[in-house]
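Engineer: I have a structure I would like to understand better, so I am pasting it below and will then ask my questions one at a time.
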Amino acid sequence: MGLVAMGQAPQVKPEGLVNSASFATDTGRGAVVLPGWLSTLFGSQFAESAQAATGFPLPTMLGGVSVTVGGLPAPLLYVSPTQINFQAPSGIRGVTVPVVVRNRFGESQPITAFVAYDAPGIFTQGGSGCGQGAILNVAPDGSVTVNSPQSSASPGQYISVFGTGLEPPAFPPADGFPAGHDPFSWISNSWMQLGSPGNFQT
């Protein structure tokens, strides 16, 4: 039975607000949102059908569905009857904020999320939140291979790690836009102990 037939407001699962990369809540803090970073909601009766954003800036209404974080509209990457991928607005402030899903039938009960500034997750090659990370080996000559147990990085190579929630970047892009390169939107994450700006795709 589709959303139109049910005619019900969206419902978010009790632990349905997770990191978009790991599909997990934050250890010790539960549901968190980071200004400008990617989060995912799981639940039911969100959208009538699956739809993905097709360009930038990302829309704040997609398939008749919207999300607010601390009262601010969130850019949306993807919506379906059971899942929403969104970017937390960079303007959120406070210790905790409510996260609410709305469609034409009403709004969900708010999920209270802790506002964090580091809650890292690494995307996986299968997109399930588990298994081999979405990591590339970058050789000194610029050639790129997919990192795997059979093709690991060699001394002198860089790796490119696709993740979210690593910490606020320098020169952050505007909400709904990808990270830029002029100026380069980089992070220097102390927990990685790199000693130089990290090459993270956010």
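Engineer: Report yes if THR60 is surrounded by fewer than 18 Cβ atoms within 10 Å (Cβ to Cβ) and farther than 20 Å from PHE23 by Cβ, otherwise no.
Structural biologist: no
Engineer: I've got another one for you. Scanning segment 26-54 for residues that are in a loop (DSSP other than H, G, I, E, B) and among the aromatic types (Phe, Trp, Tyr), which turns out modelled with the lowest pLDDT?
Structural biologist: TRP37
Engineer: Quick one: in segment 30-56, of everything that is among the hydroxyl-bearing types (Ser, Thr, Tyr) and surrounded by fewer than 19 Cβ atoms within 10 Å (Cβ to Cβ), which residue is nearest to the chain's Cα centre (by Cα)?
Structural biologist: Filtering first and then ranking leaves THR54.
Engineer: Of everything in segment 93-125 that's crowded, with 20+ Cβ neighbours inside 10 Å, part of a loop (DSSP other than H, G, I, E, B) and out of contact with any Phe, Trp or Tyr (no Cβ under 6 Å at 6 or more places or on another chain), which residue is modelled with the highest pLDDT?
Structural biologist: Of everything passing the filter in segment 93-125, SER108 is modelled with the highest pLDDT.
Engineer: Kindly establish whether VAL161 is free of Cβ contacts under 8 Å to residues at least 60 places away in the same chain, over 22 Å from TYR78 (Cβ atoms) and either surrounded by 11 or more Cβ atoms within 10 Å (Cβ to Cβ) or touching a strand residue (DSSP E or B) at 6+ places or on another chain (Cβ under 7 Å) (or both).
Structural biologist: No; evaluated as a whole, the condition is false for this residue.
Engineer: Okay, next question. Looking only at residues that are surrounded by fewer than 18 Cβ atoms within 10 Å (Cβ to Cβ) and either charged (D, E, K, R) or part of a loop (DSSP other than H, G, I, E, B) (or both) in segment 63-80, which one is farthest from the chain's Cα centre (by Cα)?
Structural biologist: Once the filter is applied, the top-ranked residue is GLY64.
Engineer: Provide a single number: the residues in segment 35-48 that are touching a residue at least 60 places away in the same chain (Cβ under 8 Å) and more than 14 Å from ASN85 (Cα to Cα).
Structural biologist: 2
The values are calculated or read from the model by the stated rules, or taken from the named source; none is laboratory data. On a predicted model such as this, the values are computed, not experimentally measured, just so you know. Ideal geometry is used to build each Cβ from the backbone, glycine not excepted, and the neighbour counts take in all protein chains shown.
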